[in-house]
Amino acid sequence: MDLSLSEEQEAFRALARDFLEREAVPHRQQWDRDESVDLAIIPKMAEIGFFGLTIPEEYGGLGGDYATYVLGMEELGRADSALRGIVSVSNGLVGKSILGFGTEEQKQEWLPGIATATKLGCFGLTEPGTGSDAGNLTTRAVRDGGDYVLTGQKLFITNGTWADVALVFARTSDDGPRGVTAFLVPTGADGFEAREIKGKLGLRGQATAELFLEGVRVPASARLGEEGQGFKIAMSSLDKGRVSVAAGCVGLVQACLESSVAYARERTQFGREIAGFQLVQEMIADISLDADAARLLVWRAADLLDRGRAGTAEFRVAASKAKLYASEAAVRAANHCIQVYGGAGYVDEYPAAKYLRDARVMTLYEGTSQIQKLLIGRAETGISAF
Ligand code: FAD
């Protein structure tokens, strides 16, 4: 076992950190207040390669392994989780689904744009009536000659108002999860509307939308995979997506650690720096331990992907564990970070409050903590609780 990074991985991490320290960290508070990042950062992030990681060079990406990808996601999570989510959804959930299940024509059509961020993707699975129970979604796709006609509604869709292509999961038969089919829907199609959801607790810099599909007509060539394969595509994308979320959470925990240490070294009470108080050190030690533990779980999952184990139960459980642990750790760490800051942690002049607001969604999306526990429990016992 060798947990050291290669020269290329170290170089990418340093490049990513340097870029984000200059281009994201100084602006994140304002973006959070504005409820939107400055979209001019997207092409700059693409130049660094964030959107092309693990997409092969022949489709305009950088290639690269998952170990490098999770380093990139960690750096994004450390700087601004809103940016990490934009990349994870477009490159990860959408790009990698196309890479894994698309025809050559679909790969040529979408991947070069996604890898360079001239096109953004969104992932439309959740609906008002089905979140954790995504296999029972109700959006319909009806075959009409050489086309499909899609009707339904999607909720909480990251990048929804910015995306060029929506990966939409719709029902082609009344057969539970086996009746779900995936479609690549251009967001400019007639009958497609995205409305932004404002007032989120955190991740305010990224767009979250409701999607309305009213008789959206797409050719059969827009179908991703076979009829009935959609739920499998969604779950396979989410398994990898969980590693991406978890890596972002590692970055968040790391940011909480650095921020807590810096503040504790600078703030004095009772005539000494608060970092000298054992109860403050305890909080810092807890964050530090969580950073290491979460990072190791993420690296293990990335390593399984790099060793071609994506479709295995071993990988799926490793991804669930990484996501469960890292997301809960992010909430714990951000909470500790606020505590270390005292009252200053409660106002947005300092980063601690944003860390907690951003961290809070991580235990909810891409499978709640309860769902991850059920998946791990099922793997351990062989009994499904769903
Ligand atoms: P519910 O499924 O209604 O769950 C409510 C509660 O019940 C949770 O605590 C849950 O753990 C619990 N629960 C549910 N079922 C069980 C069970 N069987 N056993 C025990 N407990 C259970 N979705 C997309 O498709 N694409 C996106 O890009 C996207 N981005 C998002 C961005 C944000 C900011 C947010 C908030 C959500 C996003 N989502 C997205 C949706 C997200 O994935 C769902 O919110 C999540 O899957 C949970 O579904 P739900 O909100 O309907 O909660």
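Numerical summary
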| quantity | calculated |
| --- | --- |
| All positions within the range 357-374 that are surrounded by fewer than 24 Cβ atoms within 10 Å (Cβ to Cβ) and either part of a helix (DSSP H, G or I) or among the aliphatic types (A, V, I, L, M) (or both) | ARG357, ARG360, VAL361, THR363, LEU364, SER369, GLN370, ILE371, GLN372, LYS373, LEU374 |
| Near pairs, Cβ below 9 angstrom, 6+ apart or cross-chain, from the range 192-206 (under 18 Å from MET362 (Cβ atoms)) to any residue that is modelled with pLDDT under 95 and not in a strand (DSSP E or B) | none |
| Pairs where the first residue, in the range 128-145, is of a type in the set (Ser, Thr, Tyr) and the second is in a helix (DSSP H, G or I), C-beta under 8 Å, 6+ apart | THR130/ASN136; SER132/GLN370; SER132/ILE371 |
| Residue match in the range 21-40 (condition: more than 19 Å from LEU238 (Cα to Cα), among the β-branched types (Val, Ile, Thr) and either free of Cβ contacts under 8 Å to residues at least 12 places away in the same chain or open to solvent by less than 10 Å² (accessible area, probe 1.4 Å) (or both)) | yes |
| Subset tally (residues that are hydroxyl-bearing (Ser, Thr, Tyr) and within 11 Å of the ligand (Cβ to nearest atom)) for the range 140-164 | 1 |
| Selected residue [within 16 Å of the ligand (Cβ to nearest atom) and under 26 Å from ASP80 (Cα atoms)] from LEU224, LEU238 | LEU238 |
| The range 129-139, residues that are within 12 Å of the ligand (Cβ to nearest atom) and either more than 20 Å from the chain's Cα centre (by Cα) or open to solvent by 80 Å² or more (accessible area, probe 1.4 Å) (or both) | GLY129, SER132, ASP133, GLY135, ASN136, LEU137, THR139 |
| Condition met for GLY145 (surrounded by 13 or more Cβ atoms within 10 Å (Cβ to Cβ) and outside the structural domain of LEU238 (by TED's automatic domain parsing)) | no |
| Residue check, GLU349 more than 26 Å from ALA285 (Cα to Cα) and either at pLDDT 95 or above or not assigned by TED's automatic domain parsing to the domain that holds SER132 (or both) | no |
| Failed condition for THR181, given (1) away from the ligand (no atom under 14 Å from the Cβ); (2) closer than 20 Å to ILE86 by Cβ; (3) open to solvent by less than 10 Å² (accessible area, probe 1.4 Å) | (2) |
| Which numbered condition ASP174 fails, given (1) touching a residue at least 24 places away in the same chain (Cβ under 8 Å); (2) out of contact with any Asp or Glu (no Cβ under 9 Å at 6 or more places or on another chain) | (1) |
| Residue in the range 80-102 that is modelled with pLDDT of 95 or more, more than 26 Å from GLN372 (Cβ to Cβ) and not assigned by TED's automatic domain parsing to the domain that holds ALA326 present | yes |
| Residue tally, condition in contact with a Phe, Trp or Tyr (Cβ under 9 Å, 6 or more places away or on another chain) and either within 14 Å of the ligand (Cβ to nearest atom) or at positive phi (or both), over the range 86-122 | 14 |
| The lone exception for GLU328 - which of (1) surrounded by fewer than 17 Cβ atoms within 10 Å (Cβ to Cβ); (2) within 22 Å of THR368 (Cα to Cα); (3) of a type in the set (D, E, K, R) it fails | (1) |
| Pair list, Cβ < 7 Å and 6+ apart or interchain, from the range 113-126 residues that are open to solvent by 20 Å² or more (accessible area, probe 1.4 Å) to residues that are assigned to a loop (DSSP other than H, G, I, E, B) | THR116/PHE51; THR116/GLY52; THR116/GLY60; LYS119/ASP164 |
| Odd one out for LYS119 among (1) in a strand (DSSP E or B); (2) touching a helix residue (DSSP H, G or I) at 6+ places or on another chain (Cβ under 8 Å) | (1) |
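Yes or no, residue by residue, for (1) closer than 20 Å to THR363 by Cα; (2) among the polar types (S, T, N, Q); (3) touching a Phe, Trp or Tyr at 6+ places or on another chain (Cβ under 7 Å):
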| position | (1), (2), (3) |
| --- | --- |
| GLY131 | yes, no, no |
| GLN153 | no, yes, yes |
| ALA166 | no, no, no |
| ASP175 | no, no, no |
| PHE183 | no, no, yes |
| GLY188 | no, no, no |
| THR208 | yes, yes, yes |
| PRO219 | no, no, no |
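The values are calculated or read from the model by the stated rules, or taken from the named source; none is laboratory data. Model, not experiment: these values are computed from the prediction. Please note: Cβ atoms are built from the backbone with ideal geometry, for glycine as well, and neighbour counts cover all protein chains shown. Remember, those area values only see protein heavy atoms, side chains included, never the ligands or the DNA or RNA. Shrake-Rupley method; radii C 1.70, N 1.55, O 1.52, S 1.80 Å.
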